[in-house]
Amino acid sequence: MRVSERLRRGLQYGVSLALMVALLRWAFADVALGDVIVRLTDLSWGWVAALVLVTLCTLALRGWRWRVLMRPFAPSVTLWDTCLALAICYAANIAVPRSGEVLRAVSLRWTRGVSLSSVLATVVVERILDIIWLVVFLGVALLLLRGRLSAMVPGLGAVALVALAACVVLLLVLGLLSWYRDRALARLEPLLLRLPARLAARVRQLLATFISGLQALHDPASYAQIAVSSVLLEFGYVGIIWAGFASFGFPAQYGLDPGAALVIMVLSSLGVMLPTPGAAGSYHAFFSKPLVLLYAVTGSDALACATAVHALATLTYLAIGLPAFLVQRRGARARQAGTPAPPC
């Protein structure tokens, strides 16, 4: 790796760490850490198990949707494969933000020999779907709060509409690329001719495999499964927040209902978009601050709930993703060396 590339990545990681520290300081400002710890020790093992179980359910739902997107070009990929790859993705993001998106594609190349470019195309589609559904649920949150959220964050509704329109347009463009693959590649040919022949051939191959990864976008049989899995996934995330509320007694103490869980799910998801390691800091701030401002939850209670939900999800992904990564990497190296690979 060149020195300039190392420097760029080092600076990016430094900015991520600085952002994490700043958001953690903001989240924990004016809150006694001892009070947060006391509330965390009140969490029963039953609720810990419930939170982990719901987290695993969301992992399976996302794995199902991702498998549907890959089925046209990689029918051998199983739900188990996608769940392990996603756990590896989330575990990697704990160390280096956004690194897991490539690593989950690498996981499927190791286990099923699937083209990296094709898998990355489905990752792009997945992220677009995430934003579309997040904006839809943001609209529901705006309706539930009847202007309070718009007052707290002016212009949020307009930004959400622009994001929704942009995502829909991008999804349509990707769909058209998939439908008219040969024509699209022909249109790009004049640009490729300006490159050296060897590089042009490589870029042409990468584009072709990337576009082949979009085949699910013109398969009507997949639409219903993608829609159902997406809705269930979003409600699964709401379920995680609601389980967190219930585990700390928020429904009885503060009168929080599933609608409040939906609002916090949306706002904490917006925080996760910030590039901090493992969403630390961003998740805590975007989870706890709205609880305090919108629902009059005490700062220590809000942060205890945010910390518990975030920590349990993080530990769950690490417990699955790290061993899976180590086994898969060892298997890939063993195959390269021509020795039997260990089972995953």
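The values are calculated or read from the model by the stated rules, or taken from the named source; none is laboratory data. Computed from a prediction, not measured in an experiment: that's the story for all the values here. Note that we place each Cβ from the backbone using ideal geometry, even for glycine, and neighbour counts take in every protein chain shown.
Things to note:
- For P75: the one exception among (1) part of a loop (DSSP other than H, G, I, E, B); (2) in contact with a Gly (Cβ under 9 Å, 6 or more places away or on another chain): (2)
- Residue match in segment 34-50 (condition: closer than 27 Å to A208 by Cα, surrounded by fewer than 18 Cβ atoms within 10 Å (Cβ to Cβ) and among the hydroxyl-bearing types (S, T, Y)): no
- Considering the conditions (1) in a helix (DSSP H, G or I); (2) in contact (Cβ under 8 Å) with a residue 12 or more places away in the chain; (3) under 18 Å from the mean Cα position of the chain (by Cα), P97 is excluded by exactly one of them, (1).
- Filter result for A324 (touching a Phe, Trp or Tyr at 6+ places or on another chain (Cβ under 8 Å) and outside any loop (DSSP other than H, G, I, E, B)): no
- Enumeration of residues in segment 130-159 that are modelled with pLDDT of 70 or more, closer than 17 Å to A296 by Cα, exposed (fewer than 14 other Cβ atoms within 10 Å of the Cβ) and of a type in the set (A, V, I, L, M): none
- Selection count, segment 8-30, where residues are surrounded by fewer than 11 Cβ atoms within 10 Å (Cβ to Cβ) and free of Cβ contacts under 8 Å to residues at least 12 places away in the same chain: 4
- Pick from segment 110-129, criterion surrounded by fewer than 19 Cβ atoms within 10 Å (Cβ to Cβ) and of a type in the set (G, A, S), ranking: farthest from L267 (Cα to Cα): G113
- Only residues that are under 19 Å from A285 (Cβ atoms) and either in contact with a helix residue (DSSP H, G or I) (Cβ under 9 Å, 6 or more places away or on another chain) or among the polar types (S, T, N, Q) (or both) were counted across segment 23-61, and they come to 15.
- Of all residues making up segment 1-36, the number that are more than 15 Å from H310 (Cβ to Cβ) and assigned to a helix (DSSP H, G or I): 24
- Residue that is farthest from L207 (Cα to Cα) [pool: residues in segment 177-187 that are among the hydrophobic types (A, V, I, L, M, F, W, C) and within 31 Å of the chain's Cα centre (by Cα)]: W179
- Segment 61-94, subset of a type in the set (A, V, I, L, M) and within 13 Å of the chain's Cα centre (by Cα), residue nearest to S230 (Cα to Cα): L61
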